[in-house]
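Worksheet: the structure to be examined is printed underneath.
Bear in mind these aren't lab numbers, they're just calculated from the coordinates by the rules spelled out. Since this is a predicted model, take the numbers as computed values, not measurements. Neighbour counts run over all protein chains shown; Cβ positions are idealised from the backbone, glycine included.
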Amino acid sequence: MIDTPHSPVLCEIVGHAQCTPDKIALVDGTQRVSYARLVSMIGATAVYLQSLGLSAGDRILLTAEKEVEFVYLYFAAHVLGIVNVVVDAASPQERLDYIAGIVKPRVSFGSRQVDGGCRAIRFEEMALGDTDVPAAVNRSLAATDVADVMFTTGTTGAPKGVCLSHANIAGSAANTNGFIGTCSDDVEALALPLSHSFGLGRLRCVLTAGGTLVLVGNFANLKSFFSVLESERVTGFGMVPAVWQYIKRLSGRRIAKFADQLHYIEMGSAALPVEDKQLLMELFPTTRLCMHYGLTEASRALFTEFHSAAAVLQSVGRPSSGLVEACVMDEQGHPLAPGIDGEICVRGNMVCRSYFLPQDNVDAFHGDWFRTGDWGHRDEDGNYYLTGRKKELINVGGEKVAPQTIEDAILALGIADCACVAVADPQGVLGEVPKAYLVRGKSALEIADIKSRLAGMLPPHEIPVLWEWVDEIPRTASGKVQRLKLKS
């Protein structure tokens, strides 16, 4: 067995291999990998990485493919203190080359190659035979060392490299499992991409809990996904709101047939309308419907469970565990009273140590509080509410307007989709004014009708001055509006 005291996540996985060696850890098509086999292959892969001359502190670019070889590589790097830079196989080449140019990996693994001259090895080219020779682990490694660098998929600006330590990823898994209740009896279908913190986090959560993880390509083929839920007796899965809209549109209420077997569903990465939360509660009356709030930098900072928080469904929740704190602060880092909007800041065991580039750390923290860049407030009971991204607030003559407030009002009128951004006031008086981009869908409303109805829903300075019909709203893979693309 591998001995890695610097990695709490690996210690948990090794513990399961010792206590329940024959328990299935991973299912990948016809492959069924036990915990004993998983740990053995992680160890063999660590020996392989050492044979390439890789050691603690080196960085590897790891294309996130939904294959067991990815899992072996990901954890083998942790064994040796090698830093994983996890990237999306579907990323534009320009993004991959940008990331490689910053982190300068020694080797890239997977289906994508990058500029820079580093060695490229495909998963199928790796020599991963069984070995009884243990990898030589550097005993100076610590839980505070960087385990992964995840690049943000933010809606504005260049992606930032987020440095996550072994303690950070373990803390996030422990907080999440503690809230959701994932345990060794659970079987989870993982259809989320492993290149983002949500999907990769679910991988760590299930394996540290000692459960079984079923690797599923994606949600595109719902018939296949439903078949996996049935054949594997799946008890939980994660999804982003955009996936829920897809499931609802294509399958209606059919997913409710799994209500009795599903212990939990985790959601996150983007906002979900209250009406959809209520529908999910109706379809899954006994399932824990958990939604997280948290950036890559502070994964799963807040949580809410719909059934137990039915009276405050607009909230994004409370701190995910006793080891996590949240606070609403002003520009100087002073706490604000309940009901007053400010920047949501968090601290705790899952918060990143820093960004990869020193310049990205400027103004990223108030002391040990991470500044999320999200604008919102908390109520007297400690529930937190978002009003938008700080950088996306519209300054209308000194009044701060959150785009989401306008968007929610417009969507309530039956418009299929919309997004609002700040533009220069055509009259040159207010500085900025809102502009709305609209997707018509089935609505017959014209802009004059929308403006008239909004007059009874919003104050005058929040009603958009400029309007434009578009075919679609640009969004990230997780459903976040890409406002910079709209403005450009």
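Remarks
- Rounded to the nearest 10 degrees, the angle from helix 68-80 to the longest Cα principal axis of the chain is 80 degrees.
- Reach of Lys104 by Cα under 19 Å, taken over lysines that are not fewer than 8 positions away in the same chain: Lys160
- Mean ellipticity per residue at 222 nm, deg cm²/dmol - from DSSP H runs of n ≥ 4 across the chain, formula -39500 (n - 2.57): -8500 deg cm²/dmol
- Reported to the nearest whole Å, the Cα centre-to-centre distance from the stretch 337-398 to the stretch 420-488 is 25.
- Helix 166-180 vs. the chain, principal-axis angle (Cα, 0 to 90°, nearest 10): 60
- Counted charge near Thr176, where neighbours are those whose Cβ lies closer than 11 Å (Asp, Glu -1; Lys, Arg +1): +2
- Residue separation of Asp330 and Met457 scaled by 0.36 nm, minus their Cα-Cα distance, works out to 42.9 nm of gained length.
- Rounded to the nearest 20 debye, the dipole size of the stretch 37-172 about its Cα centre is 300 debye, using +1 on the Cβ of Lys and Arg and -1 on the Cβ of Asp and Glu.
- Tally of Lys pairs whose C-alpha atoms are under 22 Å apart, taken over the stretch 393-487, 8 or more apart or cross-chain: 11
- Global form of the stretch 393-487, assessed from the alpha-carbon gyration tensor, a/c cut-off 1.5: oblate
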